[in-house]
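Contents: one structure, followed by commentary.
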Amino acid sequence: MLYEETVTSRVFQLLMTIPLAAMLWGTYQTYRTGEGLEVMLPATAVVLVLLLDIMAMRIEIDDREIRIRGTLGLIMRKTIPLENIASFKVGDSWMKCYGMVHFTLPARGCVVIIPRKGWSVSFSTNRPEEIAKILSMLGIPREP
C-alpha cells in the first residue's frame, strides 16, 4: 500500500444523525401503533446503510489501482486501475474539483483523475500534494 487515508467530517456526521434519529423515531412509533411497520422498517434499514456508508471515505493507492470506498463500501465504491489513468489534477479546496463521478466530504483539497476511457473521477482529500507525489512517482502526468 503506497497511500491510505480516511476522510471524515465531524460536522457532516453530526448533521447525518438528524435524519437517522428521525427514521429510528418513526420506526419506533409505527411499531407502537402497530401499523406500517412493514414499510417503515425496510426504509429505515436502507437509510441507515446509506448514511453509514457516506459518513466517511477511504482512499487507498497501491501499485495497481486507486480505491475509493465509503464506510461500508456498499454504495460509495470506485476502483480506478492505474493503467487507465491518462492524467490528474489537484485542487486546493475540496469544492474546486469536478468529475463526472464525484466523492466529496469537507477536506483540505481534492484530486481529479482523468481516465483514458470512461468518466473522470474526483475526490476530496486532506493531503492532495502527497497523492500528487505518489501518482507522479507512478508515472502519471499532472495537469496544471
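Annotation for region 43-105: chymotrypsin sites (Phe, Trp or Tyr not before Pro) lying in DSSP loop with at most 13 further Cβ atoms inside 10 Å of their Cβ are Tyr98. Ligands, DNA and RNA left out, the 1.4 Å accessible surface of the chain is 62% carbon and sulfur atoms. Per residue, the solvent-accessible area of the chain (1.4 Å probe, heavy atoms of protein chains only, all protein chains present) comes to 58 Å².
Of the trypsin sites (Lys or Arg not before Pro) found in region 44-135, those in coil by DSSP whose Cβ has at most 10 other Cβ atoms within 10 Å are Arg116, Lys117.
For Lys96, a cut-off of 22 angstrom between C-alpha atoms picks up these lysines, skipping any fewer than 8 places away in its own chain: Lys78, Lys133.
Here the chain is treated as a sphere whose radius is the Kirkwood value from Cα pairs; by Stokes-Einstein at 20 °C and 1.002 mPa s it diffuses with a coefficient of 129 µm²/s.
When all alpha carbon pairs of region 1-80 are counted in 10 Å bins from zero, the resulting P(r) reads 18, 36, 25, 15, 6, 1 %. Loop-resident GluC sites (Glu not before Pro) (DSSP state other than H, G, I, E or B) in region 1-39 with no more than 16 further Cβ atoms inside 10 Å of their Cβ: Glu35.
The values are calculated or read from the model by the stated rules, or taken from the named source; none is laboratory data. The structure presented is a predicted model; accordingly, all values stated were derived computationally and were not measured. Positions of Cβ are generated from backbone atoms using ideal geometry, with glycine treated the same way; all protein chains shown enter the neighbour counts. Only protein heavy atoms, including side chains, enter the accessible area calculation; ligands, DNA and RNA are left aside. Shrake-Rupley method; radii C 1.70, N 1.55, O 1.52, S 1.80 Å.
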